[in-house]
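Working notes for the structure below.
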Amino acid sequence: MIKVICVGKIKERYLVEGINDYIRRLSKYTKLKIIEVESFEYDDISRNLKEESNGIIKYIDPKEHIIILDTNGTELSSKEFSNKIYNILSNKNITFVIGGSNGVDNLLKNMSNDILSFSKFTFPHQLFRLVFFEQLYRAFKIINNETYHK
C-alpha cells in the first residue's frame, strides 16, 4: 500500500481531474490512501513548517518506509524511482510526504528513510502533486513491463 500525505487542498479543477485520473489508473496496481492536512500561512515560516509537520506526523507510521519529497533530495530517473518502489513494496508499505510551499521541517526529514527530489526546477505546489501521481503511475507501468514509459 502507498500512503500520500499532502499539505493543503487542490483548488484548481483541472488539477483535481488530472490527479483523480492518475489515482484511478493506479488503483489497478496498488492500494492508495491520500491524506490532506491543513496548510498554514502565518508570517513566520518556521511556525508554518511546525504546524504543518504536526499535522503530518499524526499520520506517519514508523513501520512504513517514509519518503519526503523535497527540492533538496536525491534525484532519480523514472526507472530508478520504479526500482526503489518495487524494492520497498516487497517488504513494507510506503508513505510519501508532500509538504507545503515552504517544504517540511527538519523533524520530518529526520524521521524519513529517503528524501527525493523530482527536479531542480521549482514547481507550483499544487501542480507538483499532479506530476508526482503521473510519475508514480509511470513507475508501476515500468514495474509491470507495460508500455507507457519511453
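The values are calculated or read from the model by the stated rules, or taken from the named source; none is laboratory data. Bear in mind that the values here come from a model prediction, so they are computed numbers and not experimental data. Using ideal geometry, Cβ is built from the backbone for each residue, glycine included, and neighbour counts are taken over all protein chains shown.
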Testing SER77 on (1) touching a residue at least 24 places away in the same chain (Cβ under 8 Å); (2) over 21 Å from ASN48 (Cα atoms), one condition comes back false. Which one is that? (1)
Which residues, counting only those in region 120-147, are touching a Ser or Thr at 6+ places or on another chain (Cβ under 8 Å) and of a type in the set (Ser, Thr, Tyr)? THR122
Quick check on region 102-119. Is at least one of its residues at pLDDT below 95, buried (at least 20 other Cβ atoms within 10 Å of the Cβ), assigned to a strand (DSSP E or B) and at negative phi? no
Which of the numbered conditions does PHE96 fail, given that it passes all the others? Conditions: (1) touching a Lys or Arg at 6+ places or on another chain (Cβ under 9 Å); (2) of a type outside the set (Ser, Thr, Tyr); (3) without any contact (Cβ under 8 Å) to a residue 12 or more places away in the chain. (3)
Filter region 46-57 down to residues that are under 17 Å from ASN113 (Cβ atoms) and either of a type in the set (Ser, Thr, Tyr) or buried (at least 20 other Cβ atoms within 10 Å of the Cβ) (or both), then give me how many there are. 2
In region 21-45, anything surrounded by 11 or more Cβ atoms within 10 Å (Cβ to Cβ) and among the polar types (S, T, N, Q) is listed as THR30, SER39
Considering only region 43-63, how many residues are over 17 Å from HIS125 (Cα atoms) and either under 14 Å from the mean Cα position of the chain (by Cα) or among the hydroxyl-bearing types (Ser, Thr, Tyr) (or both)? 3
Among the numbered criteria (1) surrounded by 15 or more Cβ atoms within 10 Å (Cβ to Cβ); (2) among the hydrophobic types (A, V, I, L, M, F, W, C); (3) not in a loop (DSSP other than H, G, I, E, B), which single criterion is violated by ILE60? (3)
Considering each of LYS141, LYS92 in turn, give the residue that is among the basic types (Lys, Arg), within 22 Å of SER27 (Cβ to Cβ), over 14 Å from the mean Cα position of the chain (by Cα) and not in a helix (DSSP H, G or I). LYS92
How many residues does region 127-138 hold that are under 13 Å from the mean Cα position of the chain (by Cα) and either surrounded by fewer than 18 Cβ atoms within 10 Å (Cβ to Cβ) or more than 24 Å from ASN54 (Cβ to Cβ) (or both)? 8
Identity of the residue in region 66-76, at pLDDT 95 or above and over 12 Å from the mean Cα position of the chain (by Cα), that ends up nearest to PHE123 (Cα to Cα): GLU75
